[in-house]
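**Q** Here it is: the structure, laid out below.
The values are calculated or read from the model by the stated rules, or taken from the named source; none is laboratory data. Bear in mind that the values here come from a model prediction, so they are computed numbers and not experimental data. Please note: Cβ atoms are built from the backbone with ideal geometry, for glycine as well, and neighbour counts cover all protein chains shown.
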Amino acid sequence: MVESLFITAFLVGLFGGVHCLGMCGGVVGTLTFNLSPQHQLSQWRMLPFQLAYNLGRISSYVIAGALIGLLAASLTTLVPFLPFQQTLQIFAGLFMLALGLYLAGWWNGIVVIEKVGGLLWQRLQPYTKKLTPVKSLHQAWLYGLVWGWLPCGLVYSVLIMAFSAASAAQGALVMLAFGLGTLPNLMLMGVFAFYFTRLARTLWVKRMAGLSVMSMGIWQIYLALSLNIG
């Protein structure tokens, strides 16, 4: 059961790449152009910085996953574990369905939840200004660590999955799997920013991404309901 959470989290990150490019594409592009001229002129020299940015971002996901998993583990001492886990997983699946509709451009209700997360981002965003221009890999990692708290419905849906794992370690691993799934899209975005920004705005790409995330949501609901079998 837990293994399915890891796989689903990775696939949601991978298929939700269109949303990542839309939410974080501007950040990646800004960071790329904030590098020194000699790094901007060479794709190979940019790669270590792009990797550092993304490792910082994924680190923030892992921290959030561990914290929310720890919270869930504490709550399981108060309520029966299986119904609690099942309810959370169904909720995560429904959230992914809503997110898929948003990615495909069919429904924008998820934006309301992202605005709530924006309250935290308003407090963290000023720290990014102190870290630019980026001159070292450590600085790039710190920027990514802050960047990871950017309001994102995709992240929130996977955090609910991490919550359903009801373990700090497993919650962290769920978010790590998700972060690794997002890595290919955002690494490529850093090097080929213009091309991938245009691609992410293509209607058929958005629809395919939305349907893919919705299918993951349906799969999670199915798995949750199957807990009653046997």
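**Q** I need a count of the residues in the stretch 90-105 that are over 18 Å from residue 7 (Cβ atoms) and of a type outside the set (A, V, I, L, M, F, W, C).
**A** Total satisfying the criteria: 2.
**Q** Sticking with this structure for a sec: For the stretch 17-25, check the following and say yes or no: at least one residue is at pLDDT 80 or above and either assigned to a helix (DSSP H, G or I) or touching a Ser or Thr at 6+ places or on another chain (Cβ under 8 Å) (or both).
**A** From the stretch 17-25, those at pLDDT 80 or above are none; that's our starting set.
There is no residue in the stretch 17-25 that is at pLDDT 80 or above and either assigned to a helix (DSSP H, G or I) or touching a Ser or Thr at 6+ places or on another chain (Cβ under 8 Å) (or both).
**Q** Quick check: is even one residue across the stretch 134-147 over 30 Å from residue 82 (Cβ atoms) and either among the acidic types (Asp, Glu) or modelled with pLDDT under 80 (or both)?
**A** Narrowing the stretch 134-147 to residues over 30 Å from residue 82 (Cβ atoms): 134-147.
Imposing the further condition that a residue be either among the acidic types (Asp, Glu) or modelled with pLDDT under 80 (or both) reduces the set to 134-135.
Yes.
**Q** Quick one: is residue 61 part of a helix (DSSP H, G or I), modelled with pLDDT under 85, within 18 Å of the chain's Cα centre (by Cα) and crowded, with 18+ Cβ neighbours inside 10 Å?
**A** On the way: part of a helix (DSSP H, G or I): yes; modelled with pLDDT under 85: no; within 18 Å of the chain's Cα centre (by Cα): yes; crowded, with 18+ Cβ neighbours inside 10 Å: yes.
Against the criterion (part of a helix (DSSP H, G or I), modelled with pLDDT under 85, within 18 Å of the chain's Cα centre (by Cα) and crowded, with 18+ Cβ neighbours inside 10 Å), residue 61 does not qualify.
**Q** Going by the conditions given, is residue 179 modelled with pLDDT under 80, small (Gly, Ala, Ser) and either under 19 Å from the mean Cα position of the chain (by Cα) or in a helix (DSSP H, G or I) (or both)? Walk me through how you get there before you give the answer.
**A** Values: modelled with pLDDT under 80: no; small (Gly, Ala, Ser): yes; either under 19 Å from the mean Cα position of the chain (by Cα) or in a helix (DSSP H, G or I) (or both): yes.
So residue 179 fails the test.
**Q** Would you pick out the residues in the stretch 142-175 that are in contact with a Ser or Thr (Cβ under 7 Å, 6 or more places away or on another chain) and either assigned to a loop (DSSP other than H, G, I, E, B) or on the phi > 0 side of the Ramachandran plot (or both)?
**A** 148, 149, 166
**Q** Further, regarding this structure: Please name all residue pairs, on different chains or six or more residues apart, with Cβ atoms under 9 Å, provided the first residue is in the stretch 156-177 and is surrounded by fewer than 23 Cβ atoms within 10 Å (Cβ to Cβ) and the second residue is assigned to a helix (DSSP H, G or I) and acidic (Asp, Glu).
**A** Cβ pairs passing all conditions: 156/114.
**Q** Here's a follow-up. Residue 129 versus (1) part of a helix (DSSP H, G or I); (2) out of contact with any helix residue (DSSP H, G or I) (no Cβ under 8 Å at 6 or more places or on another chain); (3) within 24 Å of residue 185 (Cα to Cα): which is the lone unmet condition?
**A** Condition not satisfied by residue 129: (3).
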